[in-house]
Amino acid sequence: KKVEKRKYRLPPGRTGWPLVGDSFNWYDADCCRFGKIFSCSLFGKWAVVSADPSFNRFVMQNEGKLFQSSYPKSFRDLVGKNGVITVQGDQQRKLHAIASNMMRLDKLIKFHILEDIQMVMLQTLANFHNNQHISLQDVCRKASHQIIIKPQAAINQMVNQLLGVTSDSEAREKIIGKINNIIEMHRQMQLQGTGATQQGGIGVLGRLVEEESLPDEAVADFIINLLFAGNETTAKTMLFAVYFLTHCPKAMKQLMDEQDGLRRNSNGEELLTWQDYKAMPFTQCVIDETLRLGGIAIWLMREAKEDVNYQDYIIPKGCFIVPFLSAVHLDENVYEGALTFNPWRWMDPQNEEKRNWRSSPFYAPFGGGARFCPGAELARLQIALFLHYFVTTYRWTQLKEDQLSFFPSARLVNGFQIRLTKRHDEMQELT
Ligand code: HEM
């Protein structure tokens, strides 16, 4: 024991895991007491928790070398042992490269992603009648998950099951069954020279079968990983953006003006183009601010692969490492008025470097290093198009008090219950 004590030097901390409530107050308290990097105990092991941008970056940049991602067994069983999220080393790099390559926007555009997403948004938002009461959380979930497995809508229901009922291994098996059927269908089409590529509308799953040579079980896990990582995160960002806008009328008006302007240009009938997407500067600020304040990916989970020296500390092999991304995003020393929704902060030229979500140590909503989110661009596109169709089609009134809660994951406790009014009808009433 004496030897161990001398050898390792953990950051100061407590012996238990802090009592985690709805807010980040516990974290502030521990930070004040112990500093931006502190230790505590998690699942019976030591954990180093960090709100230090440099340390967080160090951890992300050393993925696969000094650190590796670490998830509980129940999670690994759910998302599959062959998926990019759970594999390590060369296998992770290979799958990550495939995912990043498949989801590059310039590639997706060639496969009509802009039109596909807009059709999904139009279908999801089309059928609400005037004064309809909805849970926006449910609508956002629906709007976000139809992109990956286009056009097999039947899978969507099961995906919901998988994501909602985490202990249900049957749901996972059912999805795998469905995915395998689709793989087989694509293979048959390829053999007959009638591949879906030639017909358009192939989707990520189709491209995976046609372009990459992965074993079937790896394809199924790959898709489940994309759904798992992409679904809730994107849906929540859509939901939180509308929530924050509802409580900030000035930002709401500015976003609506920007989106109405694009609608007028397209006569309100044609779909938006790539140029339109590039002409939404304020909407992009709203998305960035939502990702900062909303805490969609609150923290990352890592494990030290070997004893790690960092500054004065010697962190033992096997210790959990928790880069606490949201704590940096909500740090008053990094962001003035950190707890206020202020999309205009991102227009300040002084914040240009800080805003770069690929490289900034202060702003990492999509992580960094070897596990940087491969779906980041796709997610942003989906969110922008959702906001476009939502605000240009409806006005809404909040029906029930709601509030953000961050534990166990970021959410609105009441799912954001609202009543919709069609803007078209509203305008007719005015004339
Ligand atoms: C606003 C939406 C999103 C947010 C905030 C987000 C955030 C993140 C973060 C922080 C990570 C890093 C996790 C880590 O280092 O342990 C990550 C990884 C990942 N994301 Fe996203 N994500 C979003 C949307 C998406 C979408 C739409 C997809 C795919 C369709 C996707 C697929 C993935 C995958 C596959 C990984 C794992 C990469 C790896 O481990 O190599 N994400 N995401």
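If you take the residues of segment 387-398 that are part of a strand (DSSP E or B) and of a type in the set (S, T, N, Q), which of them is surrounded by the fewest Cβ atoms within 10 Å (Cβ to Cβ)?
Thr397
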Original post:
farther than 21 Å from Met60 by Cβ, not hydroxyl-bearing (Ser, Thr, Tyr) and not in a loop (DSSP other than H, G, I, E, B) - does that describe any residue in segment 352-371?
Top reply: yes
Subject >> Enumeration of residues in segment 273-308 that are among the acidic types (Asp, Glu), away from the ligand (no atom under 15 Å from the Cβ) and either touching a residue at least 24 places away in the same chain (Cβ under 8 Å) or under 15 Å from Lys236 (Cβ atoms) (or both) >> reply: Glu306, Asp307
**OP:** Assess whether Ala379 counts as being within 7 Å of the ligand (Cβ to nearest atom), buried (at least 17 other Cβ atoms within 10 Å of the Cβ) and closer than 27 Å to Pro249 by Cα.
**Re:** yes
Subject >> Leading residue by the ranking (nearest to the ligand (Cβ to nearest atom)) among those in segment 256-272 that are free of Cβ contacts under 8 Å to residues at least 40 places away in the same chain and in a helix (DSSP H, G or I) >> reply: Glu258
**OP:** For segment 99-109, name all the residues that are in a helix (DSSP H, G or I), more than 10 Å from the ligand (Cβ to nearest atom) and in contact (Cβ under 8 Å) with a residue 24 or more places away in the chain.
**Re:** Leu105, Leu108, Ile109
Original post:
Taking Val79 and the conditions (1) at positive phi; (2) surrounded by 18 or more Cβ atoms within 10 Å (Cβ to Cβ), which numbered condition does it fall short on, given that it satisfies the others?
Top reply: (1)
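Yes or no, residue by residue, for (1) out of contact with any helix residue (DSSP H, G or I) (no Cβ under 7 Å at 6 or more places or on another chain); (2) without any contact (Cβ under 8 Å) to a residue 24 or more places away in the chain; (3) among the aliphatic types (A, V, I, L, M); (4) not in a helix (DSSP H, G or I):
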site: Ala327; (1), (2), (3), (4): no, no, yes, no
site: Leu339; (1), (2), (3), (4): yes, no, yes, yes
site: Gln350; (1), (2), (3), (4): yes, yes, no, no
site: Arg380; (1), (2), (3), (4): no, no, no, no
site: Leu385; (1), (2), (3), (4): no, no, yes, no
Subject >> segment 269-301 - residue that is under 30 Å from Ser69 (Cβ atoms) and not aliphatic (A, V, I, L, M) and, of those, surrounded by the fewest Cβ atoms within 10 Å (Cβ to Cβ) >> reply: Trp299
Subject >> Test: Phe407 is assigned to a loop (DSSP other than H, G, I, E, B), touching a Gly at 6+ places or on another chain (Cβ under 8 Å), more than 15 Å from the ligand (Cβ to nearest atom) and within 22 Å of Met238 (Cβ to Cβ) >> reply: yes
**OP:** Look at Pro323 and say whether it is surrounded by 20 or more Cβ atoms within 10 Å (Cβ to Cβ) and touching a Ser or Thr at 6+ places or on another chain (Cβ under 7 Å).
**Re:** yes
**OP:** Considering each of Val139, Val59, Val49, Val87 in turn, give the residue that is within 30 Å of Pro11 (Cβ to Cβ), among the aliphatic types (A, V, I, L, M) and more than 14 Å from the ligand (Cβ to nearest atom).
**Re:** Val49
**OP:** Mind listing just one residue for me: the one in segment 167-190 that is at pLDDT below 75 and loosely packed, with under 14 Cβ neighbours inside 10 Å and, of those, nearest to Pro72 (Cα to Cα)?
**Re:** Ser167
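The values are calculated or read from the model by the stated rules, or taken from the named source; none is laboratory data. Worth saying up front: this structure is predicted, and the values here are computed from it rather than measured. Glycine also receives a Cβ, built like all others from the backbone with ideal geometry; neighbour counts cover every protein chain displayed.
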